[in-house]
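Take a look at the structure below.
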Amino acid sequence: MTICFKFDYEVLLVGVHINSLPIFILICIVLFTIGIFSEFLSFFQYCVSTVAEGESISDLNNMEKEKDNSMELSSLSSSDSLDNLIGHNVKSSSNDQAISNHEAHFDLIKYHPFDIDSKLLFQIDHFRSSRIPFFLKTLYKLGQILIGYVLMLIIMSFNFWFLLSILLGYMFGYYLFFRLSKQEVNIQELLDSMSNEDKCGQMTQLGLDVIQKNNLNPTDQNPIDYEKLKFALKVKKIGSFINPPPDISSSTWQLVINTIQNAVLNETSLKIPVIYATDSIHGASLLKEGVLFPQPLAQASTFNLDIAYRIGEITALESRAAGIPWNFNPVLDIGRQALWPRLYETYGEDVYLASKMGYAYILGHQGNDIKNRTKSATCLKHYLGYSLPFNGRDRTPAYIPDNVLREFFLPPFEAGVEAGAQTVMINSAHVNDIPGHANSYYINDILKGELKFKGFTVSDWQDVIRLHTRDKVAETPEEAVRIAVMSGVDMSMVPSDYSFFDHCVNLTKKNEKFLNRVNDAVTRILTVKKNLGLFENPFANAEDLNKIGTNESEEFNLEAARESIILAKNKGILPLQKLNKSKILVTGPTGNIIRTLSSGWSYTWQGESEDLYHKYGRPKLSIFEAIRKKHQGVVEYTQGVLFDKIAQDFDQTIQVANNSDYIVLCIGEDVYAELPGNINNLIISESQIKLAKAFFDLRKPVIVVYTAGRPRVITDIAEKADAVLVGFLTGTRGGEAIADVIFGDYNPNGRMPVSYPKYPNGYTTYDFKPMENFELNSVEHLYPFGHGLSYTEFSYASLTLNTSEIKYPNDLQIKVNVKNIGKLDGKETVILYLNDEYGSLTRPVKQMKRFSKVFLKAGETKQIDFVLTSKDLSFINYNSQRVVEPGRFIVYVGNLTDTFLLKM
């Protein structure tokens, strides 16, 4: 055989006559690309396999421990091996609290057996896996065969066109390699390659404690027992973990998550990345360096969608920087039961407010692409009807008719699905005697059917097995698994053993319908992992640590806290003058502690560790410390009472108060989350009432500052106080925010996100029915929904509707002028309420349909425009259908009203 080249653009290649130079160049490009990069991949295969077979992880750990004894700490600064696990060198940062010292990171080496960049290995391994299309594998093998032939062509043909083709081939190949290394996972192909054990493992979520060392040494940087981890991944195929490590520093979070993901890569055949989750309810609040924002109820007090968006954005940024791609938030339950201990996790009692705040939070948290390393997945919870327990206690039954459920409780979840939320957590309790995790109608029919939710659902803590142990709807644990999965639960937060996995595997072997449901669940789980980019890169990066706890985020935290403060009452005493020499007594159980500004989900589940608030993050000020810092006169603090009893300094406190010019009485609740927050009485504690009464007897000016996660009854105190400030858990900057409002450095503009009860009984929300306020029945709130004062004053005028009669389904345009008639600049929340005067079902006296927060300079007037659609005029009828009925509607804005007639 002869190979001959004619340089007059005729090429004879292996007996094939080619008259086109571009075709010839293309052949060279393809052959060279395939061949050279096949060799490149083979080289990496060799590296990986050689190292993997050479030493076990435990051996490497022992080797590294021996090295630790002889290695000076100073050498770590120049060690390139620190990036083995995280994938990047540890970079210095001006933010000392965002970057841990070298010693904290050195242990990262011990769980990574390769000296090759982890992310690159992960990409290469996926190129080698069965997920690569068959034709690419064929080209790969063909390239290895033809590489010699192509190289021979190169040697024999040193002319311009060959050199050009080789150059282009290299450029194309370089792109092709990295493109293929990030080849998107084909979910169906991956599912087809999975065993039933693989599938059930993906549906199983464990707590970190299952894979932790038994006797954790405080000096251990990495809490993971690698043998336990290997068993969880190799034998039980676990696909998800939750809960923080004992040390919640961001670097430890990264270490834990990267250890797990490296074990996935090194120990499992399918190499499906784990998805890790935690509860970041008000910021990345389980990170030592994270920013602890106001709780969601306080966020709702702002009536500011930008705040919800920005908090979602920063929470995702900080969580993902620590390696956490999945957040169990937002809580989209409607807070219409004042006793309920999880009220502060909600956006309040109103459907529209909760829907809009939740939607904004999700947009900020997830953005347009959750593969972005500054974004992470959200989880809507607790679907559905969880927040209206009949007796007010957590995880107890609710009784909600279907039309009420669809009108009040479903819309926020619908908004969350529309916003793109990736996951949904199921109600831990019962609705109408059906456990949430056994409610196929709610999960399969409504959520996955009507709402077309494409993500996956996850159980709450132990709630699958509780179908057997607590709810008594399943006679055996295996039956509990079957009921939950068939009802639409895709992942079980077990979280302390492998029981769900074992029962799931057994059921797949004997029930084809169950296996089909498992396939659907796993498809949903894998899709979310793919959407997050975990198949491409599941690792945390050390260089991202400086994104956590930044000055910018902390300043925004203060802004959010200020805007969440509600000035509920003011008899002209506020703002105080900080430049005079008046004497101020700050007193009460919440006056000089930080924890009651944030409560649960703050560094710990219950948020009870006061020392952690001082130890972690940036310096924080209590209400007393913030007032003392601002005021030039004398500021003292005495406690007076504890939350549940009289303090030893009670008499001393009264004496100091008698010698003071102003008393700032700080009352509220101690910290709690979930079940431990259950109460038997909505009235505030007797000890606090006694302290307040003693102050009123002195006839001194009393400014009440109430901070708590729900509206405890304080009627007797509030009616006698000269001013009342309410903060529904304003976060770690809340002390400063309260001081800013007290001294007038910030003009308050928060609004009540719930109806504040006047009495412990007869409580109702603002959107009550006419019969509740008829004849001898009356509705009285201490402070109504939407209430909030300012240091300036606003007036409303010229409420205008574009028509007094509209025909369905046309929109209605509404305009109103709002003027700041006071002397200070300020923000005003303009709320539009609507009343459907007559309907086939009794309609509420009013419902909020729109709101707009506007900043007005003193003397400034702005026109606010609203548009109501036909959906705003609709309701859910007795047949659970959304309908619009003709009739007369009343519009309320400020102190103005107008009417219009709807015709069909």
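Read-outs: derived from the displayed coordinates by stated rules, not from any lab. These numbers come from a predicted model, not from an experiment. Glycine gets a Cβ as well: all are built from the backbone with ideal geometry, and neighbour counts include every protein chain shown.
Structural remarks
- The alpha-carbon of residue 615 sits under 17 angstrom from the alpha-carbons of these lysines, leaving out residues fewer than 8 places away in its chain: 288.
- Cα centre as origin, Lys/Arg/Asp/Glu Cβ charges: segment 244-325 dipole, Debye: 100
- Ranked by the mean number of other Cβ atoms within 10 Å of their residues, highest first, the peptides 882-893, 405-416 fall in the order 405-416, 882-893.
- Highest to lowest packing among 844-854, 347-357, scored as the average C-beta count within 10 Å: 347-357, 844-854
- Among 526, 542, 515 - extreme Cα towards positive end, dipole of segment 506-546, charges at beta-carbon: 515
- Eligible aspartates and glutamates near residue 381 by straight Cα distance, threshold 16 Å, same-chain separation 8 or greater: 279, 333, 345, 349, 394, 414, 418, 460, 463, 490, 674
- For the pair segment 751-782 / segment 599-624, the C-alpha centres are spaced 35 Å from each other.
- 26 Å Cα-Cα threshold exceeded, pairs from 375/454; 237/530; 510/530; 620/823: 510/530; 620/823
- Length released on extending from residue 776 to residue 470, taking residue separation times 0.36 nm less the Cα-Cα span: 105.9 nm
- Each Lys or Arg adds one and each Asp or Glu subtracts one; over the other residues with Cβ under 15 Å from the Cβ of residue 375, this totals +2.
- For segment 565-770, the alpha carbon convex hull comes to 131 Å³ per residue, rounded to a whole number.
- Legend: calculated FRET efficiency, residue 805 to residue 479, from the Cβ-Cβ distance at R0 = 56 Å, rounded to 0.05, equals 0.40.
- Nearby aspartates and glutamates by direct alpha-carbon distance to residue 807 (threshold 13 angstrom, same-chain neighbours under 8 apart not counted): 885
- When the alpha carbon gyration tensor of segment 792-902 is reduced to an equivalent ellipsoid, its three semi-axes come out at 30, 13, 11 angstrom, largest first.
- For peptides 586-599, 359-372, sequence by mean Cβ density within 10 Å, most packed first: 586-599, 359-372
- Diagonalising the gyration tensor over the Cα atoms of segment 668-727 and scaling each eigenvalue by 5 before taking the square root yields semi-axes of 23, 12, 9 Å, largest first.
- Centre separation in Å (Cα based) which lies between segment 644-713 and segment 798-840: 40
- Once the Cβ-Cβ distance of residue 815 and residue 396 is raised to the sixth power relative to R0 = 51 Å, the FRET efficiency obtained is 0.65.
- Based on C-alpha pairs under 8 angstrom that are at least 6 apart in sequence, segment 792-902 has a relative contact order of 33 percent.
- In terms of distances greater than 23 angstrom between alpha carbons, the cross-link table entries 213/234; 815/903; 720/827; 571/827; 690/758; 472/529 yield 720/827; 472/529.
- In this structure, residue 214 and residue 865 have a Cβ-Cβ separation that, at R0 = 45 Å, corresponds to a calculated FRET efficiency of about 0.10.
- Part-to-part distance (alpha-carbon centres) for segment 405-425 and segment 284-362, which is given in Å: 14
- On the principal axes of its alpha carbon atoms, segment 837-889 extends 50, 17, 16 Å, with the longest extent given first.
- Other residues lying with their Cβ under 13 Å from the Cβ of residue 772 contribute a combined charge of 0, Lys and Arg counting +1, Asp and Glu -1.
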